[in-house]
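First comes the structure, then the notes that go with it.
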Amino acid sequence: MSMLTLGIEGTAHTLGVGIVDTDRKVIANVLDMYRPAEGGLHPREAANHHGDVVASLIVKATEEANVNLSEIELVSFSKGPGLGPCLRTAATAARALSCSLKVPIIGVNHCVAHVEIGRATTGCTDPALLYASGGNTQIIAFSNGKYRIFGETIDVGIGNMLDKLGRELGLGFYAGPTIEKLALEGDKLLNLPYSVKGMDVSFSGIMTAALALRKKGHRLEDIAYSVQETVFAMLAEVTERAMAHVGKDEVLLGGGVAQNTRLRTMIDEMAKERGARMFVPDRRLCMDNGAMIAWLGNIMYESGVRMDIADTAVEQRFRTDEVNVTWRD
Ligand code: ATP
Ligand code: FE2
């Protein structure tokens, strides 16, 4: 029987707590996102936010799951990759909980958690993951016993680029959804640099070029439309190449940007053209969340992984392919 597991996520903006029960069902998934009043994400301020909300979110998760804290049998947390102060705050909470409940602790890789919650809840079995969030943009697939990165951004994450662009254009923080809405009203495809280098992508030049278009007086709607068409086409291209390279006929979306309908449509069309299928987890499991951390901790523990408190130091640059995948053939 599987173990009642509580997972804590805190790699960046979001502090999330999730609980997975003994039938391996998600029975709680609560979160609180730090939203800076102005400017970008300050890691220290986000970490302060996480420290302020973590205890009450743990209580809220147990209420949602209708379990008693004393029934929790395993605690997991995101060990990395992410922002140091945020990671350490979540890890500290996890260690304190593990020690006080006298239950084992497992630190997990955040990117691998996005893959595993998708495999668990969408019905795909061996997908290539297009992981497009604020801080991350990677194409990940299982190959030779590891989750390997087949393509990634060489500068900023796609969501951070959209958020920064939105801020410069006066659209407020968390601009992805606003840009998506504006793009629906755009119809003119403006010229922006299409930056695919081998299997990797780059976004910073596109942002600079988009701001220059605004200075020239182009409509926000057309800029939003052109940015989306350009960056999503880049993602579709490298995802397709990765799928062909490793021979996967499933593509899974993960990360906050996977909420975008235009991105979904483009990836779905690409997949259908190659006789493949696209899968997208529920919104709350797609964005950063504690349930996926609980889930991965649970299956790692079941497969024999054990950690001491001494093994739970956070790793800001924890690479997907450093994880020994003991739970898959
Ligand atoms: P990570 O630590 O995984 O990088 P994160 O803190 O950036 O995560 P997520 O919740 O995965 O968190 O993603 C947030 C990002 O998703 C933001 O940059 C936001 O603008 C973007 N986003 C959300 N909805 C949309 C949308 N509809 N279209 C485009 N981008 C979106
Ligand atoms: Fe994430």
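Test Asn289 against the criterion of being within 19 Å of Thr5 (Cα to Cα), open to solvent by less than 10 Å² (accessible area, probe 1.4 Å), more than 15 Å from ligand 1 (Cβ to nearest atom) and not aromatic (Phe, Trp, Tyr), and give yes or no. Answer is no for this residue. Summed over the stretch 147-199, residues that are under 16 Å from the mean Cα position of the chain (by Cα), polar (S, T, N, Q) and under 30 Å from Gly247 (Cβ atoms) total 1.
Scanning the stretch 71-87 for residues that are in a helix (DSSP H, G or I) and in contact with a helix residue (DSSP H, G or I) (Cβ under 7 Å, 6 or more places away or on another chain), we see that the one that is most open to solvent (accessible area, probe 1.4 Å) is Pro85.
One residue stands out among those in the stretch 161-202 that are polar (S, T, N, Q) and farther than 18 Å from Arg262 by Cα: the one that is nearest to ligand 2 (Cβ to nearest atom), which is Ser202.
Residues Thr239, Thr312, Thr320: which one is within 16 Å of ligand 2 (Cβ to nearest atom) and open to solvent by less than 20 Å² (accessible area, probe 1.4 Å)? Write out each step before concluding.
Working: Thr239 fails: within 16 Å of ligand 2 (Cβ to nearest atom); Thr312 fails: within 16 Å of ligand 2 (Cβ to nearest atom).
The conditions single out Thr320.
Pairing residues of the stretch 196-211 that are not assigned by TED's automatic domain parsing to the domain that holds Gly166 with residues that are surrounded by fewer than 17 Cβ atoms within 10 Å (Cβ to Cβ) and in a helix (DSSP H, G or I), at Cβ distances under 7 Å and at least 6 apart in sequence or on separate chains, gives no pairs at all. One residue stands out among those in the stretch 1-19 that are more than 30 Å from Glu168 (Cβ to Cβ) and touching a Gly at 6+ places or on another chain (Cβ under 7 Å): the one that is farthest from ligand 2 (Cβ to nearest atom), which is Thr5.
Pairs linking a residue in the stretch 246-271 that is closer than 16 Å to Glu152 by Cα to a residue that is among the basic types (Lys, Arg), with Cβ atoms under 9 Å and 6 or more positions apart or on different chains, are Val246/Arg148; Val251/Arg277; Leu252/Arg119; Leu253/Arg264; Ala258/Arg264; Ala258/Arg283. For Ser133, state whether it is of a type in the set (Ser, Thr, Tyr) and over 30 Å from Ile223 (Cα atoms). When the stated conditions are applied, Ser133 does not pass them.
Among the residues of the stretch 122-177, those that are open to solvent by 30 Å² or more (accessible area, probe 1.4 Å) and either aromatic (Phe, Trp, Tyr) or in a helix (DSSP H, G or I) (or both) comprise Thr122, Phe150, Asn160, Lys164, Arg167, Glu168, Phe173, Tyr174, Pro177.
The values are calculated or read from the model by the stated rules, or taken from the named source; none is laboratory data. Remember, it's a predicted structure, so these values are computed and weren't measured experimentally. Here Cβ is always computed from backbone atoms with ideal geometry, including for glycine, and neighbour counts include all displayed protein chains. Side chains included, ligands, DNA and RNA excluded: accessible areas come from the protein's heavy atoms. Shrake-Rupley method; radii C 1.70, N 1.55, O 1.52, S 1.80 Å.
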